[in-house]
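Student: Structure incoming, see below.
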Amino acid sequence: MRFVSVLRRGFQVPPRILLSKFGERLHNALEAPLRRRQDWQRDTYGGVPEGIRIEYLLPPNTLDDLSELHPGLQHFAGQALAGRMNLLGSGWRSTAFEGPEQRQVPPNTRATSERIEGLKNDRCTRIDWHKDLRSGHRYNPLCWYRDAPIGRPVGAEIKTPWELARCHHLPQFACMARFAEEPATWVRAIEDHLLDFWAANPPRWGVNWRCAMDVGIRIANQLLALDLLHASSCEVRKEVEEEAARAAWLHGEYISSHLEWSPSHRGNHYLADLLGLAACGAYLGGHETPRAWLRFAIHELNAEVLRQFLSDGGGFEGSTCYHRLSAELAVWGLALASATTPEQRQALENADPSGLGRRPWTSNPPPTFQASTGAFWPETLQRLHLARKFAEWLTKPDGRVSQIGDNDSGRAIKLDGAYRESGGSYVEYSLNLEGVVDLLGVVVGVPPTTPGGSVLRALLSKDAFGEPNPPEENPPALDPIDPDQFLHAKSRFPRRTYRFELPERCLRNLRFRAFPEFGVCVWKSDSLFVSFRCGKSDLDGRGGHSHNDQLSIELQVEGKDWIADPGSYLYTSDPSARNRYRSCQAHFVPRVGRSEPNPLDLGLFLLPDRCGGRLLGAGASGAVGGHLGFKFPVWRVVKFVGSTLEVTDIAESESAELEELKFMGNRFLSSVPFSSGYGEASKEGSD
């Protein structure tokens, strides 16, 4: 079956890309034994030049404007301090390492690992960075990074140790230190967690070096945590700062040689790589190489924002939650670049990043860099402003985003109020996009409302490249259409109609906005939300984070979901569940038997658009869209008739039979439980 799947995937990929991938994999397969042997025979902590040092960016008293931290953030930080975390639906589990006293590290890294271990304030602080808290499986720390298995053994969730190793909790610790009566407790915890990670995870060994994306997010969080302590006048020991500089160099070197770039298929992973390079380049002094990393990151982050965020503001990966992740990665990376000193900016003009890894410049020859032009290109500011509007419009009145496409709960830096109460405790709530809306607002001059926004404003307040201003907004125009006329024209074909009686008060001040390039229309008021998904589903060239959700509707009335997209739940740890959540059977879409409009068996992260979603027209009174996924046209007409929302499905085939979609009362019954975040599933079917 695996061979057939691989063969089918091959036929879906253009020959040029297929040959490129084959050549790359062949090269990696031939090179891997040599690289593995070289890493086993040397201390991979080595190669750091003398004189590397940390240069802090944040101005003093950055957090002074904050009166308090969100109780959910305080709860999570407190639990992490006590050695317990709830990661990707694992439930609260101990993160303590319960293995032998001696670290499991390759022999030639042991001396350096033990030296770093000896710097800790409390030798009892030992975290199991290689354990999957969901299944209990522990990944082998002596495994060379490229050999770390993904999707094996069955049920093991590799994203859990990755999530722990991203160190999201460390900037939270730094914020807690600012408000604590005894900040030294939090300072020591940050020092010990940093030292423990570096001692337990030699470069290029173990699961936490498997993916450059996680390496980039990790070093950004680690360096920001130290910067926040410095800005709050919380002193970090000199030897810890020295180890941080060495770790940042090793992270930067790794990322620069493992960029997740390809000519056609690159997305949020590449943005995370660039965030890591921007962090290492901005924070490291004493050597010219970090300046090359920073100059490279500035150019590529701007170029990728213009590529990965569409002209209507939506993210090109077809996912509202990945829209949040990608925006955070780009904004934090460019903000760190903006906070550099005049001397650093001047040095960027002479930095040469052209030989960085395998990535050529987007334009050839490399563009000139002038310190006065700034980290944010004007076009980038405009696109980020539209990205903010997209996130605002796709947020329902109850504060939850409409789930379109995948949701793996991925974040860049967690310094906002994305938590909710649950059973007397707090859980992370990945459907809350207020954090990224705040960040994107700060970039265009809107005052911050979260700790993350305050930190971002402080990075930008050094006026490194001038003060950004809110750009003009031009909503995309759409062709008008008469839904009744369309229904009449298709009157001879089979159809099904669903009617939803809405309280008249919900229709007051009803607004409409279309995002035609992303492929969604939205009608919303203070108590009503209606979205209609229709458009090309593989704008990234793969559909890697898309679902078979063409023509799907979401409907929320006075805070209650009548129709909700069920989310994603899991990826590689449960391939069957992955496909159930991607299936059209899970969504409120026109169905013809068990057929899928796009094939699900090509790979867990490949869903090429074969159905050709098409929005014929839309406006305040309704919209019409269709696709060809069942080998004949299928249409959906959405229209408001007084206080009634009518949804009519049409199969343009006289022999076709549209399946009736099931409801329990007002609630649509999906084929899968509702998942509000990665690894989470609600028994009730909705939150």
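The values are calculated or read from the model by the stated rules, or taken from the named source; none is laboratory data. Just so it is clear, the structure is predicted and the values come from calculations on it, not from any experiment. With ideal geometry, Cβ positions are generated from the backbone for all residues, glycine too; neighbour counts draw on all protein chains shown. Note: areas computed on protein heavy atoms with side chains; ligands, DNA, RNA excluded. Shrake-Rupley method; radii C 1.70, N 1.55, O 1.52, S 1.80 Å.
Student: If you work out Cα Rg over 2.2 N^0.38 Å from the coordinates, which of (i) 0.96; (ii) 2.18; (iii) 1.05 do you get?
Tutor: Structure-derived value, by its label: (i).
Student: Right, next: Checking the cross-link filter: which aspartates and glutamates have an alpha carbon closer than 12 Å to that of Lys560, excluding same-chain neighbours under 8 positions apart?
Tutor: Within reach: Asp398, Asp687.
Student: Would you work out what percent of the accessible area of the stretch 60-200, with all protein chains in place, is carbon or sulfur (probe 1.4 Å)? List each step's numbers first, then the result.
Tutor: Values: 2710 of 5730 Å².
Within the stretch 60-200, the accessible surface is 47 percent carbon and sulfur.
Student: For a paramagnetic label modelled at 7 Å from the Cα of Leu604 toward its Cβ, which residues of the stretch 548-586 fall within the zone defined by backbone nitrogen distances under 14 Å?
Tutor: Zone members listed by number: 568-582.
Student: Provide the packing ranking of 210-221, 46-57, 339-350, 552-563, i.e. peptides ordered by the mean count of other C-beta atoms within 10 Å per residue, highest first. All intermediate terms of the calculation are to be shown ahead of the outcome.
Tutor: Details: 210-221: 26.0, 46-57: 14.8, 339-350: 17.0, 552-563: 20.4.
Top of the packing list down: 210-221, 552-563, 339-350, 46-57.
Student: Let's see if you can work this out: charge +1 on each Lys and Arg Cβ, -1 on each Asp and Glu Cβ, no other charges. What is the dipole magnitude of the stretch 213-294 about its Cα centre, in debye to the nearest 20? Can you show the working numbers first?
Tutor: Values: 6 positive and 11 negative charges, 33 e Å.
Using Cβ point charges on Lys, Arg, Asp and Glu, the stretch 213-294 gives about 160 debye.
Student: Here is a further query. How large, in percent, is the carbon and sulfur part of the accessible surface of the stretch 258-473 at a probe radius of 1.4 Å?
Tutor: On the way: 3180 of 6450 Å².
Summing carbon and sulfur atoms, their accessible area is 49 percent of the total for the stretch 258-473.
Student: Report the net charge of residues surrounding Ser643, where surrounding means a beta-carbon distance below 10 angstrom and charges are Lys +1, Arg +1, Asp -1, Glu -1.
Tutor: On the way: positive: Arg505; negative: Glu501, Glu504.
So the environment of Ser643 carries a net charge of -1.
Student: Could you work out the local net charge near Leu348, counting Lys and Arg as +1, Asp and Glu as -1, over the other residues with Cβ closer than 11 Å to its Cβ?
Tutor: Overall, the nearby charge balance is -1.
Student: Still on this model: DSSP loop (so not H, G, I, E, B), at most 11 other Cβ within 10 Å: list which trypsin sites (Lys or Arg not before Pro) in the stretch 506-540 pass both filters. Spell out each step's value before the answer.
Tutor: Numbers: sites: Arg508, Arg511, Arg513, Lys524, Arg533, Lys536; in loops: Arg508, Lys536.
Qualifying residues, ordered by number: Arg508.
Student: Let me ask something else. Quick check: the distance between the Cα centres of the stretch 157-204 and the stretch 615-687, to the nearest angstrom?
Tutor: Computed from Cα coordinates, the inter-centre distance equals 44 Å.
Student: Between beta-carbons, use under 10 Å as the cut-off and find the net charge around Thr449, counting Lys and Arg +1, Asp and Glu -1. Could you put the intermediate results ahead of the total?
Tutor: Working: positive: none; negative: Asp416, Glu434, Asp438.
That works out to -3.
Student: Name the helices (complete DSSP H segments) of the chain with a Cα length along the long axis of 24 Å or more and a Kyte-Doolittle mean of at least 0.0, or state none.
Tutor: Qualifying helices, which must be both long enough and hydrophobic enough, are 183-200, 212-231, 320-338.
Student: Where does each of Phe197, Phe493 land when they are ordered by accessible area, with a 1.4 Å probe and the largest first?
Tutor: Working: Phe197 0, Phe493 25 Å².
From most accessible down to least: Phe493, Phe197.
Student: Ignoring ligands, DNA and RNA, what percent of the 1.4 Å accessible area of the stretch 481-679 is carbon and sulfur? The partial results should precede the final answer.
Tutor: On the way: 3490 of 7410 Å².
Carbon and sulfur together cover 47 percent of it.
Student: Let me ask you something else. Towards the positive end of the charge dipole of the chain, with charges on Cβ (+1 Lys, Arg; -1 Asp, Glu), say which of Leu66, His130, Ser422 has the farthest Cα.
Tutor: Going by the charge dipole, the pick is His130.
Student: If you roll a 1.4 Å probe over the heavy atoms of the protein chains, what accessible area per residue do you get for the chain, in Å²? Mind showing how you got there, number by number?
Tutor: On the way: 26650 Å² over 687 residues.
Per-residue accessible area for the chain comes out at 39 Å².
Student: Also, quick follow-up: Given the pairs Lys131/Lys159; Lys159/Lys389; Lys120/Lys238, which span a C-alpha to C-alpha distance of over 19 angstrom in this model? Spell out each step's value before the answer.
Tutor: Values: Lys131/Lys159 10 Å; Lys159/Lys389 30 Å; Lys120/Lys238 13 Å.
The pairs that break the limit, which is 19 Å between Cα atoms, are Lys159/Lys389.
Student: Do the sum for the chain: with -39,500 (n - 2.57) for every DSSP H run of n ≥ 4, divided by all residues, what is the mean residue ellipticity at 222 nm, to the nearest 500 deg cm²/dmol? Don't skip to the answer; put the middle values down first.
Tutor: Working: 18 runs with 245 residues, N = 687.
Calculated from helices alone, the mean residue ellipticity at 222 nm is -11500 deg cm²/dmol.
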